[in-house]
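**Student:** Before I ask anything, let me first share the structure, which is written out below as structure tokens.
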Amino acid sequence: MLEEKIKQSETRIFKAVFPNTTNHYDTLFGGTALQLMDEVAFISATRFCRQRVVTVSSDRVDFKKPIPSGTLIELIGKVIRVGKTSIQVRVDLFVEEMYNDSREKAVSGIFTMVCVDENKKPSPIDF
């Protein structure tokens, strides 16, 4: 059952990289990439537990390749660990050329989300 919930919570989002999201090098702002990754982690964790979750940490975010304007990106979030109140989600960001089949992993990171109650206190994950 746990493995099935993990599989069903996998989240994929595609975006186009437009000039309004890039820096003076014409590549995606690192902060924008982190924001998108955090959003995908949030969606994956929420889909997994169907409870309120908040981000408590991001670990080891590696920027391996610049993401130029005019490309497509795919963000994939996968639950990799479940604790009593926390869920770890690995998010990989792939960059694709628009007009050929080139695809490479550009960024990866692990986000820890914690379930919270209505008072924003940690709450056990319901299974």
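The values are calculated or read from the model by the stated rules, or taken from the named source; none is laboratory data. Note that the structure is a prediction, hence the values are computed from the model and not measured. Please note: Cβ atoms are built from the backbone with ideal geometry, for glycine as well, and neighbour counts cover all protein chains shown.
**Student:** For residues in the range 36-51 being of a type in the set (S, T, N, Q) and in a helix (DSSP H, G or I), which is surrounded by the most Cβ atoms within 10 Å (Cβ to Cβ)?
**Tutor:** Among them, the one singled out is Ser44.
**Student:** Of the residues Val40, Val82, Val53, which single one is modelled with pLDDT of 95 or more, among the β-branched types (Val, Ile, Thr) and within 12 Å of the chain's Cα centre (by Cα)?
**Tutor:** One residue alone meets the criteria, Val40.
**Student:** Out of (1) in contact with a helix residue (DSSP H, G or I) (Cβ under 7 Å, 6 or more places away or on another chain); (2) modelled with pLDDT under 95; (3) aliphatic (A, V, I, L, M), what's the single condition that is false for Met1?
**Tutor:** Of everything listed in (1) in contact with a helix residue (DSSP H, G or I) (Cβ under 7 Å, 6 or more places away or on another chain); (2) modelled with pLDDT under 95; (3) aliphatic (A, V, I, L, M), Met1 misses just condition (1).
**Student:** Determine, yes or no, whether Asp101 is more than 15 Å from Ile6 (Cβ to Cβ), among the acidic types (Asp, Glu) and over 11 Å from the mean Cα position of the chain (by Cα).
**Tutor:** yes
**Student:** Test of understanding: among Ile67, Ile13, which residue is under 10 Å from the mean Cα position of the chain (by Cα), over 25 Å from Asp117 (Cα atoms) and of a type in the set (A, V, I, L, M)?
**Tutor:** Sole residue among the options that is under 10 Å from the mean Cα position of the chain (by Cα), over 25 Å from Asp117 (Cα atoms) and of a type in the set (A, V, I, L, M): Ile13.
**Student:** Please verify whether Arg60 is farther than 25 Å from Met98 by Cβ and without any contact (Cβ under 8 Å) to a residue 24 or more places away in the chain, treating the condition exactly as stated.
**Tutor:** no
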